[in-house]
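Just so it is clear, none of the values below were taken in a lab; they were calculated from the coordinates. Note that the coordinates shown come from a computational prediction; the quantities given were computed from them, not determined experimentally. Here the Cβ is made from the backbone with ideal geometry for all residues, glycine too, and neighbour counts use every protein chain on show.
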Amino acid sequence: MSQLWQCGQGECLLIPSGPGSYQHLFTILVNPCILPSRGSKPHVLSVGISSIRANIPYDNACIIKSGEHPFIQHDSYVRYRDARIDAVEHIEKRVHEGVFSVKPPCSAELLSRIITGTSTSRYASREVKLLIAKFAMT
């Protein structure tokens, strides 16, 4: 982990998810903020990105084309259904341990599209939509 890395909006991490040792790219959508329902430590909201696969339904609220982010090699979609709210302390600990891998951040344009997609996704929870409305800076 780079000593200069900070958990913040637009940062991307490769996080273990799914069966076995499979990992997905996650993008942080809001800067660290205090969520009274989760205590006094700062938290962030992040969403995963998955490859589009033939004949498998997916959320089309935000499609990311191959190459729009250096890690994305196949047309992909944002999995708003699996949004995560994590304590910054937890993320930084996992990065330090090597469990989460830091990837290049999203471009401002891509981040804006991902944030906008929360409003049109039928899979984004009410909590996610409220957090975006209150804390996302675009």
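Return the residue satisfying two criteria in turn: it lies in the stretch 41-67 and is surrounded by fewer than 18 Cβ atoms within 10 Å (Cβ to Cβ) and among the polar types (S, T, N, Q), and of such residues it is nearest to residue 114 (Cα to Cα). Steps first, please.
Within the stretch 41-67, the first condition is being surrounded by fewer than 18 Cβ atoms within 10 Å (Cβ to Cβ), and the residues that meet it are 41-42, 51-58, 60, 63, 65-67.
Right, trim to among the polar types (S, T, N, Q) and you get 51, 55, 60, 66.
Working: 51: 15, 55: 23, 60: 11, 66: 15 Å.
Across the stretch 41-67, the extreme among qualifying residues is 60.
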Item checked: Unmet requirement for residue 11, which otherwise passes all of (1) under 16 Å from residue 131 (Cα atoms); (2) in contact with a Phe, Trp or Tyr (Cβ under 8 Å, 6 or more places away or on another chain) -> (1)
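Could you tell me which of the residues 79, 38 is closer than 25 Å to residue 131 by Cα and surrounded by 14 or more Cβ atoms within 10 Å (Cβ to Cβ)? Break it down into steps so the answer makes sense when it comes.
On the way: 38 fails: surrounded by 14 or more Cβ atoms within 10 Å (Cβ to Cβ).
The unique qualifying residue is 79.
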